[in-house]
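Taking it in order: structure first as C-alpha cells, then the write-up.
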Amino acid sequence: MAEKYGISESEYNLIKTQAARRAELRKEFLKQRTNPFKHASEAGYVFDPALQRFMSMKVTQFEFFQANRRTSLFGVCAIIIPMFSYGYLLWKDRTNREAKIRNGELRYRDRMFKLC
C-alpha cells in the first residue's frame, strides 16, 4: 500500500505512528484545556514545560551572552561597516554635487533641491 505513495513501507509506518502520536497529544491537550476544574488556578491555561523553557530562555538570553570572535565579527559586519559605508556614500555624493555647483558645472535650474 505504501508503494502507491512513492515511499517505502517503513517510512509509511513511521508516518502513521507520528500521526497517531500527534492525534493522541492533541486529544490529551483538548481534554486538559476543556476541563474547567483542572486549570482553574492557572487562569485556564495548560502548562507546557517546553514553552516555559523557551520563554525563560528568551528572557534571560542577554544575561548569559558572552562576546566572542564570531559575535563581534557579526556586530562589525552587520552594524559598523554598513553604517560607515552609507555615511561615506552620502559624504561623497554631497561633496561631488557641491564641487559641481561651485565650479558652475551644474546650473541652478538643473539642481534637485532649489528655493524656487
Exercise. What is the calculated FRET efficiency for L73 to T95, with r their C-beta to C-beta distance and R₀ = 41 Å, to the nearest 0.05?
Worked result: 0.85
Seminar exercise, completed: Going residue by residue through the stretch 99-110, the Karplus relation 6.51 cos²θ - 1.76 cosθ + 1.60 with θ = phi - 60° gives ³J(HN,Hα) values, rounded to whole Hz and with x marking Gly or Pro, of 5, 5, 5, 5, 7, x, 6, 10, 6, 5, 6, 8
Problem set entry | Ellipsoid semi-axes in whole angstrom, largest first, where each is sqrt(5λ) of the Cα gyration tensor of the stretch 27-107 | 59, 20, 9
For this session: Express the accessible area of the stretch 48-116 per residue in Å², computed with a 1.4 Å probe while the remaining protein chains stay in the model.
Result: 100
Problem set entry | Label-point gap, in nm, between I80 and D48 - each point 7 angstrom along Cα→Cβ | 4.0
Problem set entry | Size of electric dipole in the chain: Cβ of Lys, Arg +1 and of Asp, Glu -1, about Cα centre, debye, nearest 20 | 680
For this session: Grab the DSSP H runs of the chain that are 4 residues or longer, score each as -39,500 (n - 2.57), total them, divide by all residues and round the 222 nm result to the nearest 500 deg cm²/dmol.
Result: -19500 deg cm²/dmol
Exercise. How many percent of the accessible area of the chain is carbon or sulfur, using a 1.4 Å probe?
Worked result: 61
Seminar exercise, completed: Neighbours of K27 by Cβ distance under 12 Å: Lys/Arg at +1, Asp/Glu at -1, summed charge +3
Seminar exercise, completed: In nm, the gap between the two label points placed 7 Å beyond Cα toward Cβ at L25 and R109 is 7.3
Exercise. Which length gain, in nm to one decimal place, applies between V59 and Y12 when the Cα-Cα distance is subtracted from 0.36 nm times their residue separation?
Worked result: 12.9 nm
For this session: Report the one residue of F84, F62, S10 whose Cα lies farthest in the direction of the positive end of the charge dipole of the chain (charges on C-beta: Lys and Arg +1, Asp and Glu -1; origin at the Cα centre).
Result: F84
Exercise. When the Karplus curve 6.51 cos²θ - 1.76 cosθ + 1.60 is applied with θ = phi - 60°, which whole-Hz ³J(HN,Hα) does each residue of the stretch 82-93 get, with x for Gly and Pro?
Worked result: x, 5, 5, 5, 5, x, 5, 4, 5, 4, 5, 5
Exercise. By how many degrees, 0 to 90 and rounded to 10, does the Cα axis of helix 9-33 deviate from the longest principal axis of the chain?
Worked result: 90
For this session: For helix 49-60, report the angle its Cα long axis makes with the longest principal axis of the Cα atoms of the chain; keep it between 0 and 90° and round to the nearest 10°.
Result: 20
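The values are calculated or read from the model by the stated rules, or taken from the named source; none is laboratory data. Computed from a prediction, not measured in an experiment: that's the story for all the values here. Quick reminder, even Gly has a Cβ in these numbers, built from the backbone with ideal geometry, and neighbours come from all protein chains shown. Heads up: the accessible areas ignore ligands, DNA and RNA and are worked out on the full protein's heavy atoms, side chains in. Shrake-Rupley method; radii C 1.70, N 1.55, O 1.52, S 1.80 Å.
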